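Asks: Can you read through this structure? Questions will come right after.
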Amino acid sequence: VGELATRVPLTFCGVLLAALLWAGTTLGQTQTDAAADRDMADRYSRAAQAGDDVAQFYLGALYAAGVGRTQSDTEAFQWIERSAQRGNVQAMLVSGGLMALGQGTPKDYVGAYKWAFIVAEGSQKADMKNGARQLIGSVKSRMAPVIAATDSGTAALYARAKDVWAKPRIASTPG
């Protein structure tokens, strides 16, 4: 049971990361058209630097996949986290998964729990809520119960903050 309990949450996080990598590879015209990929990444980068949370999420996906940019888990996490901080629900969930795995950032189960809790409580999408609940189960079992209880109160307050949760939305490819 202990081994299964460890593998299931890691599988969930792996699925999140696979979706992130898939998003990055489907954004370019082809994987072999390096010039087009760089051009696309440059456009996402300009929009991301201007504060567009969807562009920040996708720029993170491009860094994660090494499409149009040199592959960098650190850069990927930084852009996805920025998107999450701006209220992007997908980015919140992926950022939490990256924190739980320690990919691109040191492992941070409390941070992962925070993002998952916010998505579970505030998202209108069933698949996001379910993914968040799975992540919560994964990281909560790795945290001391006192920390988990304290953080859920903090996360609940954070979820109500207008600057984070004013208009959460699912990232989509810009038209």
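Asks: Can you tell me which of (1) under 17 Å from the mean Cα position of the chain (by Cα); (2) at pLDDT below 60 is the one LYS162 doesn't meet?
Replies: Here LYS162 meets the rest and fails (1).
Asks: Return yes or no: is THR74 closer than 12 Å to GLY104 by Cβ, β-branched (Val, Ile, Thr), open to solvent by 30 Å² or more (accessible area, probe 1.4 Å) and free of Cβ contacts under 8 Å to residues at least 40 places away in the same chain? Give the derivation first.
Replies: On the way: closer than 12 Å to GLY104 by Cβ: yes; β-branched (Val, Ile, Thr): yes; open to solvent by 30 Å² or more (accessible area, probe 1.4 Å): yes; free of Cβ contacts under 8 Å to residues at least 40 places away in the same chain: yes.
Judged against the criteria, THR74 is a match.
Asks: Right, something else. I'd like to know if region 46-60 contains one or more residues that are at pLDDT 90 or above, in contact with an Asp or Glu (Cβ under 8 Å, 6 or more places away or on another chain), of a type in the set (Ser, Thr, Tyr) and buried (at least 18 other Cβ atoms within 10 Å of the Cβ).
Replies: The answer is no, given that none of the residues of region 46-60 is at pLDDT 90 or above, in contact with an Asp or Glu (Cβ under 8 Å, 6 or more places away or on another chain), of a type in the set (Ser, Thr, Tyr) and buried (at least 18 other Cβ atoms within 10 Å of the Cβ).
Asks: Here is a follow-up. Please work out which one of (1) within 23 Å of ARG133 (Cα to Cα); (2) at pLDDT 55 or above; (3) assigned to a helix (DSSP H, G or I) is the condition THR105 fails and give its number.
Replies: (3)
Asks: A further question follows. Does GLY137 count as open to solvent by less than 20 Å² (accessible area, probe 1.4 Å) and touching a residue at least 12 places away in the same chain (Cβ under 8 Å)?
Replies: Here the answer is no, as GLY137 does not meet what is asked.
Asks: What number of residues within region 121-132 are surrounded by fewer than 21 Cβ atoms within 10 Å (Cβ to Cβ), among the hydrophobic types (A, V, I, L, M, F, W, C) and within 14 Å of the chain's Cα centre (by Cα)?
Replies: 1
The values are calculated or read from the model by the stated rules, or taken from the named source; none is laboratory data. It should be emphasised that the depicted structure is a prediction, and the values quoted were computed from it without experimental measurement. We place every Cβ from the backbone using ideal geometry, glycine too, and count neighbours over all the protein chains shown. Ligands, DNA and RNA are excluded from the accessible area calculation, which covers all protein heavy atoms including side chains. Shrake-Rupley method; radii C 1.70, N 1.55, O 1.52, S 1.80 Å.
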